[in-house]
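To start, the structure under review is shown below, and the notes come after it.
The values are calculated or read from the model by the stated rules, or taken from the named source; none is laboratory data. This structure is a prediction, so every number in the text was calculated from the model and none was measured. Don't worry about glycine lacking a Cβ; one is built from the backbone with ideal geometry, like all the others, and counts go over all protein chains shown.
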Amino acid sequence: MKKTMMKILAAVCVFVLSGCVRMRMSMDVSSSGDVKSGVTLLFHEDLMNFNGANAEEQIDAMMSQYREQYPDAVIKKVEEKDGDTVYAGVSVSGIVNDALKADVSEGMVTLRLPVSALTNEFAATVLNGANFSLNDLKEHGAQITLEVNMPAAASCNVGTVEGRHVFIDLLDLPSGTAEIVVTSKAGQPLSTLLLIAGGLLIAGGGAYWLLKRKGISGEEV
């Protein structure tokens, strides 16, 4: 198993600079500031079969590593096609990191992400600590993206915002961007929403009962 993982890490450093690796990170932010993250890591089929390696064995090794690192996460194999090119890898969701938390103040949720930390995450996850900058990776065709899902309509200093969803190409940040800042209203907790929904159902039931009791003319039915 360890030998297989070493093959992966050695091969990645060769192929990442030819655009053979795609990494998609996601972060789901709650109204209380808790963050659950996920990552999808995809490799070009040529990389998976590099130097006589077996693609299935490499993916199984990655899954085992993630299970050991994140025992409570949901881990599964993924495969995508881009034209005639096949990418295969692993998807991990539901990662809870106590060190990653959004600030909640005066009804607003703010998630601050230092760009250097995201770069280090990619280096640690994919490059085994190799020293590459985001610009190095961009120039050689790698893809690294981040999706942040906020409790309510979001705003962000970079990327594209669609409602409460923020999409960021981490290799296409404006020059000098040191921090990604995503904000939204805290929104209402699920318990409050359920109370509201219950109240609407009761009100709707009462209105229906009254309409059944009276005809359109106001007379008793």
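Check whether at least one residue in segment 143-155 is part of a loop (DSSP other than H, G, I, E, B), at pLDDT below 90 and in contact with a strand residue (DSSP E or B) (Cβ under 8 Å, 6 or more places away or on another chain), and report yes or no. Reasoning before the result, please.
Our first condition is that a residue be part of a loop (DSSP other than H, G, I, E, B); within segment 143-155, this holds for 150-153.
Applying the additional criterion that residues be at pLDDT below 90 yields none.
No, segment 143-155 has no match at all.
Restricting attention to segment 57-64, does a residue exist that is among the hydroxyl-bearing types (Ser, Thr, Tyr), under 30 Å from residue 151 (Cβ atoms) and at pLDDT 85 or above?
No, that holds for no residue.
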Handout entry: Checking residue 82 against (1) under 21 Å from residue 30 (Cβ atoms); (2) modelled with pLDDT under 85; (3) of a type in the set (D, E, K, R), the condition it does not meet
Key = (1)
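Just need a number here: residues in segment 106-121 that are in a helix (DSSP H, G or I) and modelled with pLDDT of 95 or more.
Initially, segment 106-121 is screened for residues in a helix (DSSP H, G or I), giving 115-121.
Then keep just the ones that are modelled with pLDDT of 95 or more; that gives none.
The qualifying residues number 0.
Just to check your reading of the model, which residue among 28, 98, 60 is among the charged types (D, E, K, R) and loosely packed, with under 14 Cβ neighbours inside 10 Å? Break it down stepwise before answering.
Numbers: 28 fails: loosely packed, with under 14 Cβ neighbours inside 10 Å; 60 fails: loosely packed, with under 14 Cβ neighbours inside 10 Å.
Every option except 98 fails the conditions.
Within segment 156-211, restricting attention to residues that are part of a loop (DSSP other than H, G, I, E, B) and loosely packed, with under 10 Cβ neighbours inside 10 Å, which residue is modelled with the lowest pLDDT? Outline the logic, then answer.
Within segment 156-211, the subset part of a loop (DSSP other than H, G, I, E, B) is 157-159, 163-164, 170-178, 186-189.
Among the residues that remain, those that are also loosely packed, with under 10 Cβ neighbours inside 10 Å are: 174-176, 178.
Details: 174: 90, 175: 84, 176: 87, 178: 91.
My answer is 175.
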